[in-house]
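Below: the structure, in structure tokens.
The values are calculated or read from the model by the stated rules, or taken from the named source; none is laboratory data. As the structure is a prediction and not an experimental result, all values here were calculated from the model. A quick note on method: Cβ atoms are made from the backbone with ideal geometry, for glycine too, and the neighbour counts reach across all protein chains shown. With ligands, DNA and RNA removed, areas are computed over all heavy atoms of the protein, side chains included. Shrake-Rupley method; radii C 1.70, N 1.55, O 1.52, S 1.80 Å.
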Amino acid sequence: AIVYAIPLSLVLKLLACSLQQKLIGQSLSNSVYVRQQVGINSRFIRATKLILAQPGLPIDKVSILVGGPDWPTSVLCGIMQLPLLPILVGTLPVLFIIVPTLMMASFTYLAPLEENDMELYPWADTAATLAAALTALVQLAALLSATKYLELTIKTRGDELDAMPIDEEVKKADDEVKAKNDAYDEASKWHKVPLCMKVALVLSVLFMVVSTYLFLLLQGLCFVEYELTSTISGDLKGNALNLVRPFGWVGIGSFTVSCFFFSIFTGWAKKESSKYMEEKVIVKLV
């Protein structure tokens with residue numbers, strides 16, 4: 001099963017990278033929103049552009065393709081109009097992350113299997129723990145490698161970074177977002193918040209605390225034990241809602257009420273921040 005899952009997982013990874021690069025990055029490269037979400041003007045992404053623009057597959061470029069975050073890396077490749085095939089080849093070392101991850105999942109699946117009240121694979125628990133440790137180690141190594149080369153690029157190629165043109169459309173959008181956030185912060189300062197909105201925010205926090213503590217400290221009272229090998233028909237009597245126990249519904253209800261009160265507060269705050277921005281515009285005109 002592991003041997004079957006390895007190429008399947010690799011294909012899915014490469015497919016995801018292809019879709020992000022071609023359908024999002026390249027096709028929507030003219031979208032200000034997409035470029036803004038990538039963080040095209042940040043020093044981190046500008047350094048990434050310098051590394052990805054290199055010909056061939058040097059170690060720093062491969063480190064970014066494997067250890068860098070999926071969304072900005074793949075989409076950035078599309079925005080830069082980089083050829084797809086070399087990028088996919090440079091992503092192949094992701095196998096070193098896929099293999100231990102699949103081993104961890106497989107051993108975790110095998111661990112609870114029993115027959116006549118006897119464990120079928122008594123070694124699986126230990127193997128799953130070791131595989132989990134290996135997975136964490138490999139992922140950390142990939143992340144640290146990408147971070148190392150990004151920091152090295154920022155330090156050694158600072159002049160090139162400074163010379164790169166700023167995306168003015170994205171800068172304008174970023175400035176607008178900052179202005180809105182500043183207006184929100186100003187409008188929602190505690191001494192400016194009316195009593196009813198203060199009550200709504202405090203209630204939101206209280207209900208969220210209740211929900212969080214129930215789910216973290218009383219899991220057994222909130223939910224039925226449900227493992228990877230469990231089934232809805234066999235373990236939940238054919239009804240998925242049987243997964244939730246009475247205390248679980250209390251926690252879900254508390255979370256829902258918390259979101260309700262918070263939406264009331266944020267709705268008021270956004271309305272007040274819009275007024276604040278309009279007043280600033282009027283003052284500037286005067």
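Kindly state, to the nearest 0.05, the FRET efficiency for residue 118 paired with residue 206, given R0 = 41 Å and r defined as their beta-carbon distance.
0.25
For the range 1-152, take the convex hull of the Cα atoms, compute a quarter of its surface area, and give me that in nm², please.
10.2
Suppose each label sits 7 Å from its Cα in the direction of the beta carbon; what would the residue 2-residue 70 distance come out to in nanometres?
Rounded to a tenth, the inter-label distance reads 2.3 nm.
Order these peptides, 237-243, 196-202, 42-48, by their mean beta-carbon neighbour count within 10 angstrom, highest first.
Ranked by mean Cβ neighbours within 10 Å, highest first: 42-48, 196-202, 237-243.
Order these peptides, 55-64, 150-159, by their mean beta-carbon neighbour count within 10 angstrom, highest first.
Averaged packing, sorted descending, gives the order 55-64, 150-159.
Restrict the search to the range 79-147; then list the chymotrypsin sites (Phe, Trp or Tyr not before Pro) that DSSP places in a loop and that have at most 13 other Cβ atoms within 10 Å of their Cβ.
123
Label points 7 Å out from Cα along the Cβ direction at residue 172 and residue 23: separation in nm?
Going from the residue 172 label point to the residue 23 one covers 3.0 nm.
Within the accessible area of the range 164-286, what % is carbon and sulfur when the probe is 1.4 Å and the other protein chains stay in place?
Reported share for carbon and sulfur atoms: 67 percent.
log10 I(q)/I(0), Debye, Cα-only the range 156-240, no solvent, q = 0.11, 0.14, 0.16 Å⁻¹?
Once normalised to I(0) and log-transformed, intensities are -0.75, -0.80, -0.83.
In nm, to one decimal, how far is the modelled label at residue 134 from the one at residue 147, with both set 7 Å along Cα→Cβ?
Label at residue 134, label at residue 147, 2.4 nm between them.
If you roll a 1.4 Å probe over the heavy atoms of the protein chains, what accessible area per residue do you get for the chain, in Å²?
Counting only protein heavy atoms, the per-residue value for the chain is 62 Å².
Based on the alpha-carbon set only, what is the convex hull volume of the range 1-51 divided per residue, in Å³?
Here the figure is 101 Å³ per residue.
How do the peptides 138-146, 219-227 rank, highest first, by the average count of neighbouring beta carbon atoms within 10 Å per residue?
Packing proxy ranking, top to bottom: 138-146, 219-227.
First compute the accessible area of the range 67-155 with a 1.4 Å probe, then give the percent of it belonging to carbon and sulfur atoms.
70
What are the principal axis extents of the Cα atoms in the chain, in Å, biggest first?
So the three principal-axis extents are 84, 60, 32 Å.
Consider just the alpha-carbon atoms of the range 141-286 and return their Rg together with their Dmax, both in angstrom.
Answer for the range 141-286, Rg first and Dmax second: 24.6, 72 Å.
Would you mind checking the pairs 13/155; 155/178; 198/275; 13/180; 148/180 and listing those with alpha carbons more than 25 angstrom apart?
From the list (13/155; 155/178; 198/275; 13/180; 148/180), the Cα-Cα distance tops 25 Å for 13/155; 155/178; 13/180; 148/180.
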